[in-house]
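Trainee: One structure is given below, represented as structure tokens, and several questions about it will come after.
The values are calculated or read from the model by the stated rules, or taken from the named source; none is laboratory data. Note that the coordinates shown come from a computational prediction; the quantities given were computed from them, not determined experimentally. So basically every Cβ, Gly included, is an ideal-geometry build from the backbone, and we count neighbours across all protein chains shown. To get the accessible areas, we keep the full protein, side chains included, count just its heavy atoms, and leave off ligands, DNA and RNA. Shrake-Rupley method; radii C 1.70, N 1.55, O 1.52, S 1.80 Å.
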Amino acid sequence: MLDKKIIAYLGRTPNFQTEVILRDDGDGVAYIKEWNITSEKAKPTDAQLDALSSQATTLEKNAEVDAKRRIEYLSWQEQMEMIYKDQKNGTTTFKDHCDKVRSDNPKE
């Protein structure tokens, strides 16, 4: 969840290998080991990060929805086939499929 709080704090996803390095010493509590983007924004305090908990929860839930949608959208080959057939036949199979995936897996 710390990664999502940092994303909410920055307003973007940082590179977690170079810009912001997180660690967990085995006790299940993640922390910021290195903050290498001080020119953009100062390293947040624990209080600042805690204030972003609800936003982080929303980001986490939406990431889960995105993962589920990626599976249900089918392969790009199957999508291209639907698009081709829709254009050839004047149908809306692809749009209907996408609408169903989105309605079955709504974001917050």
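Trainee: How far apart, in nanometres, would the label points at Ala30 and Leu74 be if each is projected 7 angstrom from Cα along the Cα-to-Cβ direction?
Mentor: With each label point 7 Å from Cα toward Cβ, the separation is 3.5 nm.
Trainee: Something else now. How do the peptides 52-62, 22-32, 94-104 rank, highest first, by the average count of neighbouring beta carbon atoms within 10 Å per residue?
Mentor: 52-62, 94-104, 22-32
Trainee: Please work out the FRET efficiency for the pair Ser39 and Lys61, using the Cβ-Cβ distance as r and a Förster radius of 25 Å; give the result to the nearest 0.05.
Mentor: 0.20
Trainee: Still on this structure, please answer the following. Considering the options Thr13, Ala30, Thr93, tell which one lies farthest towards the positive end of the dipole of the chain, charges being +1 on Lys and Arg and -1 on Asp and Glu at the Cβ, about the Cα centre.
Mentor: Highest projection toward the positive end goes to Thr93.
Trainee: Let me ask something additional. Could you give the C-alpha radius of gyration of the chain expressed as a fraction of 2.2 N^0.38 Å, taking N as the number of residues it contains? List each step's numbers first, then the result.
Mentor: On the way: Rg = 19.6 Å, N = 108, 2.2 N^0.38 = 13.0 Å.
Compared with the compact-globule rule of thumb, the chain sits at 1.50.
Trainee: Okay, moving on. Which pairs break 31 Å Cα to Cα here: Lys61/Lys95; Lys41/Lys107; Lys5/Lys68; Lys43/Lys68?
Mentor: The answer is Lys43/Lys68.
Trainee: Right, next: At 222 nm, what value in deg cm²/dmol follows for the chain if DSSP H runs of at least 4 each add -39500 (n - 2.57) and the sum is divided by all its residues, to the nearest 500?
Mentor: One gets -17000 deg cm²/dmol as the mean residue ellipticity at 222 nm.
Trainee: Excluding residues on the same chain fewer than 8 positions from Lys88, give the aspartates and glutamates whose Cα lies under 17 Å from its Cα.
Mentor: Cross-link targets: Glu78, Asp96.
Trainee: With all protein chains present and a 1.4 Å probe, how do Ile37, Ile83, Ile7 order by accessible area, largest first? Each step should come with its number before you reach the end.
Mentor: Details: Ile37 10, Ile83 55, Ile7 30 Å².
From most exposed to least exposed: Ile83, Ile7, Ile37.
Trainee: Right, next: Could you give the dipole magnitude of the chain about its Cα centre, charging the beta-carbon of Lys and Arg +1 and that of Asp and Glu -1, in debye to the nearest 20?
Mentor: Dipole of the chain, to the nearest 20 debye: 360 debye.
Trainee: Moving on to the next point. How large is the accessible surface per residue of the chain, computed with a 1.4 Å probe and reported in Å² as a whole number?
Mentor: That works out to 69 Å² for each residue.
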